[in-house]
Number of protein chains: 2
Amino acid sequence: MAEQRRVYASGDRVGATVRSGTRRRSAERLSVDRIVAVAIDQMRTHGYDAVTMRSIARELGTGPASLYAHVANRAELDQLVVGRVCALWEIPDPDPERWDAQLRECLISLLGILRAHPGVARCTMGMIPVERGMLAVVERLIGLLKAGEVPDQYIAWFVDVSSLFVGSVAAEEDIWRERMADIGEAPSEEETVVEVREVFSELPVAEFPLLSGMAEAMTTGTGDERFEFGVDVLISGLKALSAAR
Amino acid sequence: MAEQRRVYASGDRVGATVRSGTRRRSAERLSVDRIVAVAIDQMRTHGYDAVTMRSIARELGTGPASLYAHVANRAELDQLVVGRVCALWEIPDPDPERWDAQLRECLISLLGILRAHPGVARCTMGMIPVERGMLAVVERLIGLLKAGEVPDQYIAWFVDVSSLFVGSVAAEEDIWRERMADIGEAPSEEETVVEVREVFSELPVAEFPLLSGMAEAMTTGTGDERFEFGVDVLISGLKALSAAR
DNA sequence: ACCTGAACACCGTTCAAGT
DNA sequence: ACCTGAACACCGTTCAAGT
């Protein structure tokens, strides 16, 4: 099943999966909504790289040219995908007593949303949040930081830095996940850790006196723990800088 | 000249630039070094997306198939490119008196190196640093953090988080730079800021009470200032967490 | 051992023509 | 207005054949 869609070594395009019967006829009319929905769905089931204008058109029972009546190009489609998914991000009303804990929960829940929609994080890189739905989220995030009495300039930069961080972590996880799927076996996080740890501990001590002694630390912790450490560093840092005026 | 290599709306591949006379004959033999050098050079001059196995082969006066005798595939080539460029990263001997300032300078200089090699940052996403040259750099970075008496676990995670941050900022800048070049005019950072600021200040106050009042802060600061804020947040956060055990 | 031509199975986008 | 077939100018990778 994982192999079913392999065409050549590293290219796994949805088109190779004919999935007879799954191909819808052009019964319903095309729309931006349907196109975006198919894109998100294909990213989840086949990975970011497998989604192309052609694969989307195929699933909608038409040719790639038809999509261009609804979306300008692939870049715009990616924008719409991110907008649709980020609209799921819920940010609570600010509580000045625990704005920092709220902020922490928000960043963690954003990663959760991106994880629940594999591939979507890959669309976020280099995106300026001008899409309407995204601005609504930024608005609420600002509310949280205002409750913490963070200076305006720091608020603006922190929104930038923290969303870049969450997006990058999600995109990186996504690349790994796809690479694993490509190799085929998906060697259960446990095994990979053991392998990588071996590489580190077998490093020549003379050349790598510090690194070779840190094989344990370098490979300890799940993705969640590493990510949450990053979030804690960011929030502690923000509080320290804000306190120092 | 900027238009010279445009073929269709958003695809600008090196091959379209025939640059008669520039195409080398296969006088010298192929080698991994020459292939990597051409890749880095083309990323700088034509942008990340323009570099393909075919464009590299063309510049070397041969066909794409010839490259596969020296590199396994495009992914491996990207690894080699990052390795070559990161080898330029110099990390000082640790001074316990000012390890934090040293760390700050290091992260800033890494961004400088990635900026000096446009396109290369795009190869770093999702890369596990197992390449030998990269481990040497990590070794020295660890030395710096040990001088700051950061716990081993935090050292490991911080190397991860901070390099992801620098790489992401560089990759994001790169995407913007290419998009600007695509549009053609490259509207002088000044103009873009003015335009984006207008978008923010024209937001309906009822719907965006906070954001509409922050147009100034949202658009203030150069890329450098925003990046250095991020670095300061990371280092302050690390120090706060380390102090709290 | 190293290199090549030709082929395979794909891309995103455009455009004239249809309904 | 919306959709389509066919074409254009590309991709990465493989492979049998050459030197």
| said: How high is the relative contact order of segment A:88-244? Use alpha-carbon pairs under 8 Å, at least six apart in sequence, and give a whole percent. | reply: 28
| query | At what distance in nm do the modelled label points of A:ARG179 and B:ARG132 sit from each other, each positioned 7 Å from its Cα along Cα→Cβ? | reply | 2.0
| said: Taking a point 7 Å out from Cα toward Cβ as the label site, list the nm distances between A:TRP176 and the same residue in every other copy, smallest first. | reply: 2.8
| said: With θ taken as phi - 60° and the coefficients 6.51, -1.76 and 1.60, list the Karplus ³J(HN,Hα) couplings across segment B:139-146 in order, rounded to whole Hz; mark glycine and proline as x. | reply: 3, 6, 5, 4, x, 4, 5, 5
| field | A from B by rotation - nearest chain B beta carbon to the axis, in Å | value | B:GLY237, 2
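Cut-off is 10 Å between beta-carbons; in what order do A:TYR48, A:TYR154 appear when sorted fewest neighbours first? Write out the running numbers ahead of the final one.
Working: A:TYR48 21, A:TYR154 18.
Listing A:TYR48, A:TYR154 from fewest to most nearby Cβ atoms yields A:TYR154, A:TYR48.
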| said: To make sure I understand the rule: partners must be aspartates and glutamates, Cα under 15 Å from the Cα of A:LYS146, and not fewer than 8 residues away in the same chain. Which ones qualify? | reply: A:ASP93, A:ASP95, A:GLU97, A:ASP100
| remark: Distance in nm between B:ASN73 and A:THR52 label points, each 7 Å along Cα→Cβ, equals 1.6
| Mind checking the dipole of segment A:88-244: about its Cα centre, +1 per Lys or Arg Cβ, -1 per Asp or Glu Cβ, Debye to the nearest 20? | 600
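Can you sort B:GLU190, A:GLU198 by how many other beta carbons sit within 10 Å, fewest first?
Values: B:GLU190 8, A:GLU198 11.
Listing B:GLU190, A:GLU198 from fewest to most nearby Cβ atoms yields B:GLU190, A:GLU198.
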| message | Full-extension gain between B:ASP93 and B:ALA240, please, as 0.36 nm times their residue separation minus the C-alpha to C-alpha distance. | response | 50.6 nm
| query | Along Cα→Cβ at 7 Å, what distances in nm separate the B:SER201 label point from those on the other copies, shortest first? | reply | 6.2
| query | For B:VAL32 and B:GLU149, what is the calculated FRET efficiency with R₀ set at 45 Å and r taken between the beta-carbons, to the nearest 0.05? | reply | 0.65
| Within segment B:19-121: Cβ-based charge dipole about Cα centre, in debye rounded to nearest 20 (Lys, Arg +1; Asp, Glu -1) | 900
| query | At B:GLU149, label 7 Å along Cα→Cβ: distances to the other copies, nm, ascending? | reply | 3.0
| Non-local amide H neighbours of A:GLY119 (under 5 Å, H modeled in plane, Pro and chain starts lacking H): which ones? | none
| query | Out of residues 5 or more away from A:THR220 or on other chains, whose amide H comes under 5 Å of its own, with H placed 1.01 Å from N in the peptide plane? | reply | none
| request: Order by neighbour count: A:ILE175, A:ILE35, B:ILE108, fewest other Cβ atoms within 10 Å first, most last. | output: B:ILE108, A:ILE175, A:ILE35
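Since every read-out is calculated from the coordinates, none of them should be taken as a lab result. Computed from a prediction, not measured in an experiment: that's the story for all the values here. Heads up, the Cβs are rebuilt from the backbone with ideal geometry, glycines too, and the neighbour counts pull from every protein chain shown.
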